[in-house]
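One structure is given here, and the rest of the page talks about it.
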Amino acid sequence: MENNFNIGELDTLVTVQKAVLTQGPQGNKKTDYIDYLRVFAKVERNINEMVSNGNLEEGNSLEITCYKIPALTPRWRVIVDGIPYEITAVDPVSRYSPLNVLSLRAID
């Protein structure tokens with residue numbers, strides 16, 4: 001991706017959720033997600049086909065481009081159109097760009 005980016009391409013409102021460790025009813029550790037930030041992003045959908053247990057299956061993944069979010073880690077998740085996605089990678093567009101590309105995978 002180039003450093004020349006049209007801000008009009010950030011046209012989808014997504015919710016970034018932060019992972020928070022809490023204590024369960026028996027004292028066990030449990031991960032909950034709370035809304036951290038809502039940002040506009042450019043969403044690119046990828047459809048992957050794979051063979052699993054002899055069956056041809058479809059995998060749903062996304063790449064979103066958004067402004068850098070402080071303290072973002074792959075333990076967080078992103079809600080796009082009401083569907084939760086886990087973050088598999090966080091990559092900068094370039095060294096000097098204020099944008100990041102997040103690789104996402106649908107949570108089953």
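The values are calculated or read from the model by the stated rules, or taken from the named source; none is laboratory data. What you see is a predicted model, and the numbers here were worked out from it, not measured in a lab. Cβ coordinates were reconstructed from backbone atoms using ideal geometry, including for glycine residues, and neighbour counts include every protein chain displayed.
Rundown of residues vs (1) over 20 Å from Ile107 (Cα atoms); (2) at pLDDT below 90; (3) in a loop (DSSP other than H, G, I, E, B); (4) small (Gly, Ala, Ser), yes/no style:
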| site | (1), (2), (3), (4) |
| --- | --- |
| Val14 | no, no, no, no |
| Val20 | no, no, no, no |
| Gln26 | yes, yes, yes, no |
| Tyr33 | no, no, no, no |
| Val43 | no, no, no, no |
| Asn48 | no, yes, no, no |
Next item on the list: Could you please find all residues in the range 58-80 being within 14 Å of Glu44 (Cβ to Cβ) and either touching a helix residue (DSSP H, G or I) at 6+ places or on another chain (Cβ under 8 Å) or exposed (fewer than 12 other Cβ atoms within 10 Å of the Cβ) (or both)?
Entry: Thr65
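Report whether or not Val43 is farther than 19 Å from Ala19 by Cα and in contact (Cβ under 8 Å) with a residue 60 or more places away in the chain. Don't jump to the end; show me each part of the working.
On the way: farther than 19 Å from Ala19 by Cα: yes; in contact (Cβ under 8 Å) with a residue 60 or more places away in the chain: no.
Criteria not met by Val43.
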Notebook entry, point to check: Within the range 77-104, how many residues are more than 8 Å from the chain's Cα centre (by Cα), of a type in the set (S, T, N, Q) and not in a loop (DSSP other than H, G, I, E, B)?
Noted result: 1
